[in-house]
Amino acid sequence: MVNTDPLAEQHVGPVHEMTQPEIDQFLTCARIGRIGMILEEGPYIVPLGYCYSEGKVFFHTCQEGIKMEALRSNPNVCFEVDESLSDASLAKSVIILGEVKIIKEKELMIPYLQKLIDKYRVPASFSEYMSRGNRKIKEELENVRVCLIIPKKITGKKLTRANTNF
């Protein structure tokens, strides 16, 4: 729907393309993204914690479940991250169209898992973090998978307040 409110431009500025450094910073700092996949019944979107490094998004998940079934049957995904003020006068959104590569080899997963630990937990080495509590490290590593989103296309847009006298 097109906004026909003549006052709208006074409150909200135009939408601009984000630069690659702005996209990189936003994806690095944001906490939650959403991944869109295709199920037999139709689209399926879930929020997830993720990391962004070297131009790629990655996350961990269990080796079994709806998400993995969808990714195995069709690795093409859409990944989205956004943020906005409550009045929507300032907003950012990045969308990545890409393909998922599923990593199951323990030695390849650990560096990615370490980056997730660093982002979401108190910084600790992978072995230190995994040794806390009554964890069964071998079992956990057998049941987890790291999914790497290899971008085919990345777009970023930002909406900024036209009048910055606030």
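Every number here is computed from the coordinates shown, using simple stated rules; none is lab data. Since this is a predicted model, take the numbers as computed values, not measurements. Positions of Cβ are generated from backbone atoms using ideal geometry, with glycine treated the same way; all protein chains shown enter the neighbour counts.
Lys and Arg at +1, Asp and Glu at -1: add these up for the other residues within a Cβ distance under 15 Å of L108 and post the number. Spell out each step's value before the answer.
Working: positive: K56, K101, K104, K106, K115, R145; negative: E54, E105, E107, E142.
So the environment of L108 carries a net charge of +2.
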Full-extension gain in nm, N143 to C62, via 0.36 nm per residue minus C-alpha separation: 28.6 nm
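Normalised by the number of residues in region 11-159, what is the relative contact order in percent for Cα pairs under 8 Å and 6+ residues apart? Each step should come with its number before you reach the end.
Values: 247 pairs, mean separation 48.3, N = 149.
About 32 percent, as a whole number.
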Theoretical FRET efficiency, 1/(1+(r/R0)^6), r = Cβ-Cβ of K101 and R132, R0 45 Å, to 0.05: 0.95
Between helix 20-29 and the chain: long-axis angle, C-alpha atoms, 0 to 90°, nearest 10: 60 degrees
Mean ellipticity per residue at 222 nm, deg cm²/dmol - from DSSP H runs of n ≥ 4 across the chain, formula -39500 (n - 2.57): -8000 deg cm²/dmol
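What do you get when you divide the Cα radius of gyration of the chain by 2.2 N^0.38 Å, with N the number of residues?
On the way: Rg = 18.9 Å, N = 166, 2.2 N^0.38 = 15.3 Å.
The reported ratio for this selection is 1.23.
Which value, in debye to the nearest 20, gives the size of the charge dipole of region 93-166 about its Cα centre, when Lys and Arg are +1 and Asp and Glu are -1 at the Cβ? List each step's numbers first, then the result.
Numbers: 16 positive and 8 negative charges, 80 e Å.
Roughly 380 debye, rounded to the nearest 20.
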